[in-house]
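Here the structure comes first, spelled out in structure tokens, and everything after it is commentary.
The values are calculated or read from the model by the stated rules, or taken from the named source; none is laboratory data. What you are looking at is a predicted structure, and each value in this text was computed from that prediction instead of being measured. As a convention, Cβ positions derive from the backbone with ideal geometry for all residues, glycine included, and neighbour counts pool all protein chains shown.
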Amino acid sequence: MPIRRLPDNLVNRIAAGEVVERPASAVKELVENALDAGAHEVEVVLRDGGRGFISVTDDGAGMTPEELELAVERHCTSKLADDDLVRISTLGFRGEALPSIGAVSRLTVTSRAAGAEDAWAIRVEGGKPYPVEPAARDRGTRVEVRDLFYATPARLKFLKTARTELDHAIDALQRLAMAHPRVGFTLSDDGRNHLRLPAAAGEDGGAARLKRLAAVMGKDFGAERPAHRNRARGNAADRLHRAAHAEPRQQPAPVPLRQWTAR
Ligand SMILES: Nc1ncnc2c1ncn2[C@@H]1O[C@H](COP(=O)(O)OP(=O)(O)OP(=O)(O)O)[C@@H](O)[C@H]1O
Ligand SMILES: [Mg+2]
């Protein structure tokens with residue numbers, strides 16, 4: 001067989017397989033984007049465990065219409081300011097997540113940049129981008145993912161029940177929420193609330209972290225010593241508890257978004 005260069009659409013779908021394995025991976029990528037955008041509140045709404053619908057809404061920095069067009073293209077990122085792969089302080093940097101999700105679903109990104117008067121939306125269906133259109137929303141971004149894997153039926157077949165996919169999504173969000181106690185998170189599925197983690201306000205860093213850990217892991221984490229000595233979880237739980245009570249480490253300074261517009 002002759003060697004041939006694969007069309008972009010196919011390349012994107014193949015690459016998408018590495019980034020998006022199931023609804024929970026899309027939730028993780030989208031929430032990471034919201035956190036990188038400096039969101040204080042992140043709302044995740046699912047239907048059918050995320051198999052039919054996922055939306056992630058944030059109150060972060062938002063995007064201009066020009067940025068929206070770039071955001072759904074592969075290898076476009078605002079997070080590598082100077083091509084330095086060693087000093088990375090954001091959760092994402094590959095410029096892969098949105099184009100990958102767009103390659104295997106019906107994706108809509110609606111956004112209003114901080115200080116902008118208008119909101120704009122872009123749609124990508126099975127890898128095909130549509131022109132940016134005017135839209136309505138407050139500051140921040142909403143990403144909606146419909147019919148995940150409709151464009152890759154083999155992947156669709158391997159999705160588990162809605163309950164199992166929902167559990168994976170809750171787990172993914174809880175992991176991110178534990179590391180970001182100053183951000184509020186909610187997750188609902190088919191209209192039912194499954195997670196409500198209000199943003200810690202006022203407390204110092206250590207207290208905020210402990211409170212969030214207690215909200216996710218159970219209230220024993222708020223106690224001076226963990227009450228549960230369950231053999232299976234005890235050691236890991238003890239380690240987490242010690243880490244939660246330890247002095248907070250210095251966080252790296254965040255890289256400003258939208259570097260390309262400054263060039
Ligand atoms: N919720 C959001 N708010 C503001 N900007 C966003 C948001 N989501 C994406 N973006 C912008 O779109 C770009 C592309 O997002 P995408 O997730 O595809 O790549 P990335 O986050 O840069 O890297 P990675 O593929 O590792 O996640 C981001 O670099 C960011 O500038
Ligand atoms: Mg990302």
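Quick notes on this one:
- In segment 29-43, the residues that are more than 21 Å from ALA201 (Cβ to Cβ) and in the same structural domain as ALA172 (by TED's automatic domain parsing) reach residues that are more than 6 Å from ligand 1 (Cβ to nearest atom) and of a type outside the set (Asp, Glu) with C-beta atoms within less than 6 angstrom, at least six apart or across chains, in these pairs: LEU30/VAL56; LEU30/VAL143; GLU32/LEU91; ASP36/THR90; ASP36/LEU91.
- Any hit, segment 153-168, residues being among the small types (Gly, Ala, Ser) and without any contact (Cβ under 8 Å) to a residue 40 or more places away in the chain: yes
- Considering each residue of segment 83-96 in turn, none proves to be outside any loop (DSSP other than H, G, I, E, B) and either outside the structural domain of ALA24 (by TED's automatic domain parsing) or closer than 24 Å to GLY50 by Cβ (or both).
- Inside segment 41-70, residues that are in a strand (DSSP E or B), under 13 Å from LEU173 (Cβ atoms) and over 13 Å from the mean Cα position of the chain (by Cα) make up a count of 1.
- Scan of segment 19-37 for residues that are among the hydrophobic types (A, V, I, L, M, F, W, C), within 15 Å of SER105 (Cβ to Cβ) and not in a helix (DSSP H, G or I), ordered by number: VAL20
- Selection over segment 120-173 of residues that are touching a strand residue (DSSP E or B) at 6+ places or on another chain (Cβ under 7 Å), away from ligand 1 (no atom under 16 Å from the Cβ) and hydrophobic (A, V, I, L, M, F, W, C) gives a count of 4.
This table checks each residue for (1) more than 23 Å from GLU125 (Cβ to Cβ); (2) near ligand 1 (Cβ under 6 Å from one of its atoms); (3) surrounded by 15 or more Cβ atoms within 10 Å (Cβ to Cβ).
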position: ALA61; (1), (2), (3): yes, yes, yes
position: THR64; (1), (2), (3): no, no, yes
position: ARG74; (1), (2), (3): no, no, yes
position: LYS79; (1), (2), (3): yes, yes, yes
position: ASP83; (1), (2), (3): yes, no, no
position: VAL86; (1), (2), (3): yes, no, no
position: SER89; (1), (2), (3): yes, no, no
position: GLY95; (1), (2), (3): no, yes, yes
position: LEU98; (1), (2), (3): no, yes, yes
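- Among the residues of segment 1-15, those identified as more than 11 Å from ligand 1 (Cβ to nearest atom) and either among the charged types (D, E, K, R) or in a helix (DSSP H, G or I) (or both) are ARG4, ARG5, ASP8, ASN9, LEU10, VAL11, ASN12, ARG13, ILE14.
- Selection from segment 131-140 of residues that are touching a residue at least 12 places away in the same chain (Cβ under 8 Å) and out of contact with any Leu (no Cβ under 9 Å at 6 or more places or on another chain): GLU133, PRO134, ALA135, ALA136, ARG137, ASP138, ARG139, GLY140
- The one condition in (1) buried (at least 18 other Cβ atoms within 10 Å of the Cβ); (2) at pLDDT 95 or above that LEU159 fails to fulfil: (2)
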